[in-house]
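Below: one structure, written as structure tokens.
The values are calculated or read from the model by the stated rules, or taken from the named source; none is laboratory data. The structure displayed is predicted, hence computed values, not measured ones. Here the Cβ positions follow ideal geometry from the backbone for every residue, glycine too, while neighbour counts run over all protein chains shown.
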Amino acid sequence: MNDDKFLDEDLDTKPVTDIPGVEEADGEKLKGKGFDKAGDVLSKFLSMKRKKESFIEWLRNDIGMEEENA
């Protein structure tokens, strides 16, 4: 899915696997932690004051994503 089209649609109804770069395995990890929708992941990023490094650390340490996928 094209990134522009992704952002034009309602993120609260989009599955996490529709996020560009999130593969099925990482999507399952996110779902397992209660992040079912793309909007849930965006809310988490915003709650971290949009700090990229903190968000990546959360993806790696709390969700279990590999460094190259986070």
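Taking the stretch 1-42 as the search range and keeping residues that are of a type in the set (A, V, I, L, M) and modelled with pLDDT under 90, which one is farthest from E66 (Cα to Cα)?
Only one residue fits best here, namely L7.
I'd like the full set of residues that are surrounded by 13 or more Cβ atoms within 10 Å (Cβ to Cβ) and touching an Asp or Glu at 6+ places or on another chain (Cβ under 8 Å), limited to the stretch 15-25.
Once the filter is applied, which keeps residues that are surrounded by 13 or more Cβ atoms within 10 Å (Cβ to Cβ) and touching an Asp or Glu at 6+ places or on another chain (Cβ under 8 Å), the stretch 15-25 yields P15, V16, T17.
Would you please name the residue that is surrounded by the fewest Cβ atoms within 10 Å (Cβ to Cβ), looking only at residues in the stretch 33-66 that are of a type in the set (G, A, S) and in a helix (DSSP H, G or I)?
By that ranking, first place goes to S47.
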